[in-house]
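Structure first, then comments.
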Amino acid sequence: MTGARVELLPVAPEGTTPVRVMTVAGSDSGGGAGIQADLRTFALLGLHGCVAVTAVTVQNSLGVSGFQEIEPDTVAAQIRCVADDIGIGAVKTGMLASAPIIDAVAAQCRASGIGRGAAVPLVVDPVCASMHGNQLLADSALDTLRDNLFPLATVVTPNLDEVRLITGIDVVDAATQRDAAKALHDLGPSWALVKGGHLRSSDESPDLLYDGSEFVELTHERIDTPHDHGAGDTLAAAITCALAHGYTVPDAVAFAKAWVTRGLAAAYPLGAGHGPVNPLWRVGDCG
């Protein structure tokens, strides 16, 4: 899999302004996920990355031991000032930390023309469960996520633990994956993506997209590695980049799945826990 080809996005000629994208997420002090993972993918795909920091985590390869939220008004102001001056081709959200921050982000997205039915696509990666399945958002914040942010999303990209927290559906096979996709779509996004990377019953990694009428199945070889920290962030970031380049949602997700699969094949150990998905393969191998 290490030598598999990935069709890359176009890169702006030197000295010209690249396509701009934004991540609204938390900072990972260990550098494996969050804003750090998003910016790696943005840069290595040739896009200019902007940020709205929602929280600062105390984190390493073994997990998160604490975090400090940013004031909701400050989070919203980061989005507003970048949108007003620099312009954004697409936005993704990651860790939003609390109901007030989710409310502030949703309100600013509406004010800045970001999200479903607007000019700027919005990818919502609903970070509400850790890679170990632990709940990261209070129930009240989950309600705010469902009610206020999901209806703005161009596509939502939960992992299976997040699907369970958001919909109550435990995805164990293809049938329950379809049930989950329908339940997620009922919450208002244009497309729902149910990722299959944690569906260990499958020899492959089966993802399922749904827009209310059409199912799109996307499957890649499952990469056997314990070093998958930041996989969800990397996938959502790559989807965001492709949408900013004008891809359709199915094409953007297919592109991103190939990108993250290649990053998993190149993943490396880090510290005493889980190492990160590695998009740095592009530095020495352009595809």
Could you tell me whether any residue of region 152-161 is in contact with a strand residue (DSSP E or B) (Cβ under 6 Å, 6 or more places away or on another chain), open to solvent by 20 Å² or more (accessible area, probe 1.4 Å) and farther than 25 Å from L47 by Cβ? yes
Which numbered condition E69 misses (of (1) open to solvent by 30 Å² or more (accessible area, probe 1.4 Å); (2) more than 30 Å from A272 (Cβ to Cβ)): (2)
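Okay, residues lined up against (1) closer than 14 Å to D38 by Cβ; (2) in contact with a Lys or Arg (Cβ under 8 Å, 6 or more places away or on another chain); (3) at pLDDT 95 or above:
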{"position": "P226", "(1), (2), (3)": "no, no, no"}
{"position": "I239", "(1), (2), (3)": "yes, yes, yes"}
{"position": "G246", "(1), (2), (3)": "no, no, yes"}
{"position": "T261", "(1), (2), (3)": "no, no, no"}
{"position": "D285", "(1), (2), (3)": "no, no, no"}
Members of region 266-275 that are open to solvent by less than 30 Å² (accessible area, probe 1.4 Å) and either without any contact (Cβ under 8 Å) to a residue 60 or more places away in the chain or of a type in the set (A, V, I, L, M, F, W, C) (or both): A266, A267
Output the number of the condition that A242 fails; it satisfies all remaining conditions of (1) among the small types (G, A, S); (2) touching a residue at least 24 places away in the same chain (Cβ under 8 Å); (3) open to solvent by 20 Å² or more (accessible area, probe 1.4 Å). (3)
Got a number for residues in region 211-239 being open to solvent by 40 Å² or more (accessible area, probe 1.4 Å) and free of Cβ contacts under 8 Å to residues at least 40 places away in the same chain? 8
Is one or more of the residues making up region 192-202 at pLDDT below 95, over 27 Å from D28 (Cβ atoms) and open to solvent by 20 Å² or more (accessible area, probe 1.4 Å)? yes
Of all residues in region 245-262, which are open to solvent by less than 20 Å² (accessible area, probe 1.4 Å), of a type outside the set (A, V, I, L, M, F, W, C) and touching a residue at least 60 places away in the same chain (Cβ under 8 Å)? T261, R262
Out of region 90-112, which residues are farther than 13 Å from E71 by Cβ, touching a residue at least 40 places away in the same chain (Cβ under 8 Å) and either among the charged types (D, E, K, R) or open to solvent by 10 Å² or more (accessible area, probe 1.4 Å) (or both)? K92, M95, A99, R110
Considering only residues that are touching a residue at least 60 places away in the same chain (Cβ under 8 Å) and open to solvent by 40 Å² or more (accessible area, probe 1.4 Å), look in region 40-66 and name the one that is nearest to V6 (Cα to Cα). R40
Given region 1-80, what strands (runs of 3 or more DSSP E) lie entirely inside it while holding 2 or more residues that are modelled with pLDDT of 95 or more? 20-27, 48-60
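The values are calculated or read from the model by the stated rules, or taken from the named source; none is laboratory data. Treat the numbers as computed from the prediction; the structure is a model and nothing was measured. So basically every Cβ, Gly included, is an ideal-geometry build from the backbone, and we count neighbours across all protein chains shown. When the accessible area is computed, the model is the full protein with side chains, heavy atoms only, and any ligands, DNA or RNA have been set aside. Shrake-Rupley method; radii C 1.70, N 1.55, O 1.52, S 1.80 Å.
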